[in-house]
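Since the structure comes first, as structure tokens, the remarks are kept for the end.
The values are calculated or read from the model by the stated rules, or taken from the named source; none is laboratory data. Fair warning: this is a prediction, and the values are worked out from it, not measured in the lab. Backbone-built Cβ (ideal geometry, glycine too); neighbour counts: all protein chains shown. Accessible surface areas use protein heavy atoms only, side chains included; no ligands, DNA or RNA. Shrake-Rupley method; radii C 1.70, N 1.55, O 1.52, S 1.80 Å.
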Amino acid sequence: MRKVINIGIDLGTSRSVVAADNGVRTFLASVVGYPKDAVSRKLFGRSIVFGEEALKHRMSLDIYRPFENGMLKISKTMDEKSVEYLKAMETAKELLNRLIELVLDEEQIERKDLVLRGVLGAPALASRKNKKSLLDIAKDLLDDVMIVSEPFAVAYGLKLLTNALIVDIGAGTVDLCRMTGTMPADEDQITTTKAGDYVDQVFYELLSKKYKEATFTVNMVRRFKEENSTISKHGDSIFIELPVKGKPAKHDVTEELKTACRAIVPDVVEGIRQLIASFDPEFQTYLKENVILAGGGSQIVGLKKEIEDNMNSTLGYGKVLKVEEPLFAGANGALLLCKDMPEEYWQQVKSKGEGKF
Ligand SMILES: Nc1ncnc2c1ncn2[C@@H]1O[C@H](COP(=O)(O)OP(=O)(O)OP(=O)(O)O)[C@@H](O)[C@H]1O
Ligand SMILES: [Mg+2]
């Protein structure tokens with residue numbers, strides 16, 4: 001008997017997450033860096049650097065982020081021989097390979113009799129070409145692969161296969177998906193591009209306007225947002241320390257941070273409204289009762305209440321819940337799916353290129 005290792009993988013714009021049934025659960029910033037010259041190669045002692053380490057040393061590295069808006073950085077019209085396309089494919093593959101390395105221990109890497117089985121979450125509305133490219137990459141690294149939509153993976157992990165509306169708030173996209181007891185179709189899903197990165201951009205611009213003397217980067221304000229994000233009406237004033245002519249000084253950013261965090265809400269609520277309004281009227285109430293927030297952006301304090309208030313005024317009612325593990329929800333669900341698919345399914349995938357649920 002060959003030993004199977006099941007792996008759930010969530011490839012995100014900002015971070016990629018894996019969960020495997022050998023107990024490993026970990027993540028990596030979705031960044032690949034190559035040393036710029038001989039000095040930096042010497043510094044790192046290797047020709048490729050990943051994740052947080054790459055971000056930390058970005059001055060001495062050529063940095064690539066293989067995903068954009070949650071998708072491989074390729075467009076429908078892109079020439080498959082172009083440098084850009086090849087680089088996106090290469091860096092995505094390096095990143096996926098690294099994630100798999102993180103799952104396996106040394107003995108497992110050496111073993112030839114292991115079957116590596118993976119379920120990959122892709123953004124809800126990733127194009128066919130995008131999914132195919134992802135599949136091509138993954139097939140070289142895993143023995144069996146299936147790609148599913150990311151919010152579906154979240155729903156599967158929570159065992160919410162019917163009467164639920166998943167809202168996965170990532171860095172590049174918010175993926176909304178209604179679960180109706182079957183595999184979600186295109187009309188069950190909406191993707192908007194005002195997500196975490198958009199909050200950072202708005203926050204950065206508001207601060208640039210208000211504090212012209214201070215110097216800072218989007219990275220700095222993002223880190224600050226992740227520690228202080230809120231749209232709650234209550235709470236103390238929020239101060240950020242930013243250098244002015246080299247000297248750190250405190251700046252009040254209470255309103256700017258709340259305005260930035262609130263900037264994603266209208267599109268999220270509009271997406272929820274569309275998915276509910278276009279659904280069978282007899283079942284609309286069930287969806288309204290079960291809106292589930294996942295993804296890093298769901299951690300904004302007060303977001304749940306803000307969405308509920310908005311739903312109350314636009315839809316008459318709304319009940320919103322947050323998942324317990326926003327960053328792992330997608331990978332956990334993908335892992336569960338990977339384990340649950342019967343052996344025949346994987347055989348079908350092997351012989352026909354796709355299997356039937
Ligand atoms: N505590 C927090 N409050 C608000 N936002 C946060 C918090 N922690 C992380 N984020 C934001 O969540 C986003 C990352 O979430 P996640 O890891 O789910 O995204 P992703 O999967 O990489 O992106 P995508 O799904 O768009 O490809 C980033 O924009 C990050 O700044
Ligand atoms: Mg994501």
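What are the pairs with Cβ atoms under 6 angstrom where one residue, in the stretch 314-333, is in contact (Cβ under 8 Å) with a residue 24 or more places away in the chain and the other, located anywhere, is assigned to a loop (DSSP other than H, G, I, E, B)? Sequence gap at least six, or different chains.
Correct list of pairs: K319/E289; P326/G295; A329/V323.
Is it true that V253 is out of contact with any Ser or Thr (no Cβ under 6 Å at 6 or more places or on another chain) and within 16 Å of ligand 1 (Cβ to nearest atom)?
yes
So which residues in the stretch 103-114 are out of contact with any Leu (no Cβ under 7 Å at 6 or more places or on another chain) and either under 20 Å from Y64 (Cα atoms) or outside any strand (DSSP E or B) (or both), if there are any at all?
If the condition is that a residue be out of contact with any Leu (no Cβ under 7 Å at 6 or more places or on another chain) and either under 20 Å from Y64 (Cα atoms) or outside any strand (DSSP E or B) (or both), then V103, L104, D105, E106, E107, I109, E110, R111, K112, D113 are the ones that fit.
With respect to T13, determine if the residue is open to solvent by 10 Å² or more (accessible area, probe 1.4 Å), modelled with pLDDT under 90 and within 27 Å of L327 (Cβ to Cβ).
yes
Please list, ordered by first then second residue, the pairs with beta carbon atoms under 9 Å, 6 or more apart or interchain, first in the stretch 169-187 and more than 23 Å from E325 (Cα to Cα), second within 13 Å of ligand 1 (Cβ to nearest atom) and not small (G, A, S).
Partner pairs satisfying both residue conditions: D186/L125.
Of all residues being within 17 Å of L141 (Cβ to Cβ) and in a loop (DSSP other than H, G, I, E, B) in the stretch 3-46, which is nearest to ligand 2 (Cβ to nearest atom)? Just the residue, please.
L11
Could we say that L86 is under 20 Å from the mean Cα position of the chain (by Cα) and part of a helix (DSSP H, G or I) here?
No; evaluated as a whole, the condition is false for this residue.
Among (1) within 16 Å of ligand 1 (Cβ to nearest atom); (2) open to solvent by less than 40 Å² (accessible area, probe 1.4 Å), where does L61 come up short?
In the conditions (1) within 16 Å of ligand 1 (Cβ to nearest atom); (2) open to solvent by less than 40 Å² (accessible area, probe 1.4 Å), L61 misses (1) alone.
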